[in-house]
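The values are calculated or read from the model by the stated rules, or taken from the named source; none is laboratory data. What you are looking at is a predicted structure, and each value in this text was computed from that prediction instead of being measured. A quick note on method: Cβ atoms are made from the backbone with ideal geometry, for glycine too, and the neighbour counts reach across all protein chains shown. Each accessible area value is taken on the protein alone, full model and side chains, heavy atoms only, with ligands, DNA and RNA left out. Shrake-Rupley method; radii C 1.70, N 1.55, O 1.52, S 1.80 Å.
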Amino acid sequence: MPPVFAHGELRLYLLVLLLDGPRHGYELITELTRRFGGTYRPSAGTIYPRLARLEEEGLVRRSVPGAPAASEPAGSPATGRKATYELTPAGRAELDARLDDVRRLERSVAETVRSLADEVRADVRDTMRGLRAELAAAAQEARSRPRPGPDVAPDPRRTQSNSLRHDAEAMLQRFRNDVLADLREADVAGTVSALTVETLRTVLDSARSAIRGTLPNSTASPPHRADRTEPE
């Protein structure tokens with residue numbers, strides 16, 4: 001996945017976020033995550049060094065309650081959690097001078113959020129499409145099994161198995177409908193995140209493995225999928 005911010009853009013966006021008032025480093029991380037709908041969360045190692053450089057350039061001022069501002073390293077995450085950062089007059093002047101850049105950056109962020117949301121929706125569709133295909137294959141396999149003749153007494157184990165299978169399919173259908181409804185409601189608010197998709201994927205993989213473990217005749221193993229990393 002390409003970087004969310006181009007060179008120098010995160011530095012500028014941190015100044016934009018501080019326009020609303022002083023913030024802790026953690027609050028800046030949280031606000032960035034919120035603006036990206038949870039699809040991007042910068043690490044402390046990404047944010048605090050940039051804040052330290054902005055302080056060195058005189059664009060932000062750092063305040064640590066109960067201690068002089070220069071008593072601890074500015075780029076330390078431990079310091080950043082209790083320190084607050086605010087724009088200096090030079091920082092405000094920087095934003096005023098780069099107003100066009102700020103507007104372009106806001107448009108770029110909006111486009112990135114839309115793109116990430118599209119990826120999330122595509123992942124959800126692919127996951128559910130795979131689940132539907134597996135259910136259809138299981139139903140086809142059940143239909144293709146030989147059935148006893150009219151004069152053969154029904155096998156009680158087979159009768160019970162068939163009844164329980166229908167119960168399981170009904171539960172799967174209810175689960176699918178409930179999850180889809182929740183996802184669509186969250187999507188309207190723009191709050192479906194990559195974590196949501198990864199959680200769904202993990203739960204489905206775990207559930208499939210656990211269920212197959214209860215089926216003595218099931219020898220198929222879950223399809224391999226490559227580990228995914230969250231964007232930095």
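Given a Förster distance of 30 Å, report the FRET efficiency between LEU19 and ASP182 from their Cβ-Cβ distance, rounded to the nearest 0.05. That pair, LEU19 with ASP182, gives E of 0.30. Packing around the peptides 13-19, 30-36, 105-111, taken as the average count of other Cβ atoms within 10 Å per residue, puts them in this order, highest first: 13-19, 30-36, 105-111.
Could you order peptides 155-167, 121-133 by the average number of other Cβ atoms within 10 Å of their residues, highest first?
Values: 155-167: 10.5, 121-133: 13.6.
Going from most to least packed, we get 121-133, 155-167.
Site pair THR191 and ASN162 shows an inter-label distance of 4.6 nm when each label is modelled 7 Å from Cα along Cα→Cβ.
Rolling a 1.4 Å probe over the heavy atoms of the protein chains gives segment 1-47 an accessible area of 44 Å² per residue. The stretch between ALA90 and ASP205, if pulled fully straight at 0.36 nm per residue, gains 36.2 nm over its current Cα-Cα span.
For GLY190, the amide hydrogen comes within under 5 Å of no other amide hydrogen, counting only partners 5 or more places away or on other chains and with H modelled in the peptide plane. The listed peptides 196-205, 50-59, 94-103, ordered by packing as a protection proxy, come out as 50-59, 196-205, 94-103 (highest mean of other Cβ atoms within 10 Å first).
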